[in-house]
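Here is the structure we will look at, set down as structure tokens.
The values are calculated or read from the model by the stated rules, or taken from the named source; none is laboratory data. This one's a predicted model, so the numbers in the text were calculated from it and none came from an experiment. Virtual Cβ from ideal backbone geometry, glycine too; neighbours counted across all protein chains shown.
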Ligand SMILES: Cc1ncc(COP(=O)(O)O)c(C=O)c1O
């Protein structure tokens, strides 16, 4: 057991500290080698990586709490919101940049809660989500103290429209669908769900944290994409993470609304403080300017042609991996994914034992309740053959499962 850390009595040498960090960092997951399938989106483009790193360093010390002290950050934030709004079909000023998918979801849930209270007179609004919706919704319900109603999904992994309709009550404040959901990579029937909500004056959120920066290009490549964005009547808010398939470093997501009026519910103004009027647009106070600048640089550096090129690579790699897995005896993709992530499992093999073998070979597959999870980013184009060879071997030759549980995230 190591002793709990204490602040050193005397400051330590910078070179020595950097060497320690380097050594420790080398123990972390090897995402650069294409051996991680979640957590990091490896763009496979050194120039792009170096650019966003430099931009991040340039803005590392700046505080976006008061954008008017940093006109350059303000402009970049407005630009990121406007570019996302243009991509997904809403007004250029009807959104905000947050620190990630979870914060964007919190904000959309808070807006819906307050909309239900103020505009519809519902004291205790409910949040209605399919069981596959990201846990950020359950977390938001807990933190914001609202009731969370979970609706089981259909056998295809998509939200069940009839079951959702049956679960709607007088108190429903927000209905949610994912584009796509994390566990299976399938897109919920957004048009039908949003229609149910709209008929009753209820807000509807599309969680496109994963798909927001990929599905528009997927569609332009001619792939079938069920409707999910603001072109769908009834969709009133969308979360879309730039730090996922927008290919910037962590800490950047966008939450967009159908109108600037809805966004107003998100803003916080406080005039009862000796420090003066305090205003803030998202849940954080002090905010690092670096992710805003990184997002701005990433979007501008890639541009539409860059995103299309990357989407093509991701789509082709997904096809190869899907087909390769389906061709391995005993393995099958469990649902029919609409994007670049999916679950695969087995009716005959001990899938936990297959994962153990893959772990031992240095692959980091995420274990889920129904199988193993893959999420593809551009770099994975380089590892398809090696991965499939190891997987086929693992499927054919494995022992008993070590009983590793399906987990995601963690607390310290
Ligand atoms: C569909 C979906 N929504 C929301 C989130 C939460 O995003 P974040 O981890 O950036 O808070 C994720 C993360 O993977 C996700 O896959």
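Scan segment 119-131 residue by residue and report those that are within 16 Å of the ligand (Cβ to nearest atom) and more than 10 Å from residue 176 (Cβ to Cβ). Once the filter is applied, which keeps residues that are within 16 Å of the ligand (Cβ to nearest atom) and more than 10 Å from residue 176 (Cβ to Cβ), segment 119-131 yields only 131. Just one of the listed residues (257, 247) is in contact with a helix residue (DSSP H, G or I) (Cβ under 6 Å, 6 or more places away or on another chain), surrounded by 21 or more Cβ atoms within 10 Å (Cβ to Cβ) and more than 16 Å from residue 107 (Cβ to Cβ), and it is 247. Return yes when residue 237 is farther than 24 Å from residue 53 by Cα, surrounded by fewer than 19 Cβ atoms within 10 Å (Cβ to Cβ) and within 16 Å of the ligand (Cβ to nearest atom) and no when it is not. When the stated conditions are applied, residue 237 does not pass them. Quick check on my filter: what residues within segment 396-412 are surrounded by 13 or more Cβ atoms within 10 Å (Cβ to Cβ) and under 16 Å from residue 374 (Cα atoms)? Once the filter is applied, which keeps residues that are surrounded by 13 or more Cβ atoms within 10 Å (Cβ to Cβ) and under 16 Å from residue 374 (Cα atoms), segment 396-412 yields 406, 408. The set of residues in segment 216-245 that are over 18 Å from residue 130 (Cβ atoms) and outside any loop (DSSP other than H, G, I, E, B) comprises 216, 217, 218, 219, 220, 240, 241. Exactly one residue among 385, 347 is surrounded by fewer than 22 Cβ atoms within 10 Å (Cβ to Cβ), free of Cβ contacts under 8 Å to residues at least 24 places away in the same chain and closer than 25 Å to residue 307 by Cα, and that residue is 385. Only strands (runs of 3 or more DSSP E) whose full extent lies in segment 104-188 are considered here, and the ones with at least 1 residues that are touching a residue at least 24 places away in the same chain (Cβ under 8 Å) and out of contact with any helix residue (DSSP H, G or I) (no Cβ under 8 Å at 6 or more places or on another chain) are 126-130, 172-178.
Once segment 249-286 is narrowed to residues that are closer than 30 Å to residue 45 by Cα and in contact with a strand residue (DSSP E or B) (Cβ under 9 Å, 6 or more places away or on another chain), the residue that is nearest to the ligand (Cβ to nearest atom) is 253.
Only one entry in 221, 174 is buried (at least 21 other Cβ atoms within 10 Å of the Cβ), more than 12 Å from the ligand (Cβ to nearest atom), more than 15 Å from the chain's Cα centre (by Cα) and assigned by TED's automatic domain parsing to the domain that holds residue 86, namely 174.
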